[in-house]
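Quick notes on the structure that follows.
The values are calculated or read from the model by the stated rules, or taken from the named source; none is laboratory data. Worth saying up front: this structure is predicted, and the values here are computed from it rather than measured. Here the Cβ is made from the backbone with ideal geometry for all residues, glycine too, and neighbour counts use every protein chain on show. Accessible surface areas use protein heavy atoms only, side chains included; no ligands, DNA or RNA. Shrake-Rupley method; radii C 1.70, N 1.55, O 1.52, S 1.80 Å.
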Amino acid sequence: MVSKEYLNENDKVLIVDDFLANGNACLGLIDIVKQAKGEVLGISCGVEKTYQGGYQKLVDLGYKVHSLARIEDMGDDFIKFVK
């Protein structure tokens, strides 16, 4: 929830998320910005789990998405990063 006094039609927003998995947190934030009639300029995340599809979902909706680290696969005892 964001108060109308803090987000309005004049705002341009960069969404920053810690982990991007299936994209639902970002979609919720996009919805809040749209309700306020603001504009989402892009999305940045610290770690992206590429195998969960959130990146592609957001890109397909027309958003620019940038990640600091991209994980291709992971298990109990390993993490494989995208090269």
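Within the range 43-62, take every residue that is more than 27 Å from Glu5 (Cα to Cα) and part of a strand (DSSP E or B) and give me the one that is least open to solvent (accessible area, probe 1.4 Å).
Glu48
Out of all the residues in the range 1-37, which are part of a loop (DSSP other than H, G, I, E, B), open to solvent by 20 Å² or more (accessible area, probe 1.4 Å) and not aliphatic (A, V, I, L, M)?
Listed by number, the residues that qualify are Ser3, Lys4, Glu5, Tyr6, Asn8, Glu9, Asn10, Asp11, Asn22, Lys37.
Among Val40, Val65, Val13, which is the only one that is in contact (Cβ under 8 Å) with a residue 24 or more places away in the chain, touching a helix residue (DSSP H, G or I) at 6+ places or on another chain (Cβ under 6 Å) and under 16 Å from Met1 (Cα atoms)?
Val13 is the lone residue from the list that is in contact (Cβ under 8 Å) with a residue 24 or more places away in the chain, touching a helix residue (DSSP H, G or I) at 6+ places or on another chain (Cβ under 6 Å) and under 16 Å from Met1 (Cα atoms).
Quick one: what pairs do we get from the range 19-32, first residue β-branched (Val, Ile, Thr), second part of a helix (DSSP H, G or I), C-beta under 9 Å, 6+ apart or different chains?
From the range 19-32, the pairs are Ile30/Leu58.
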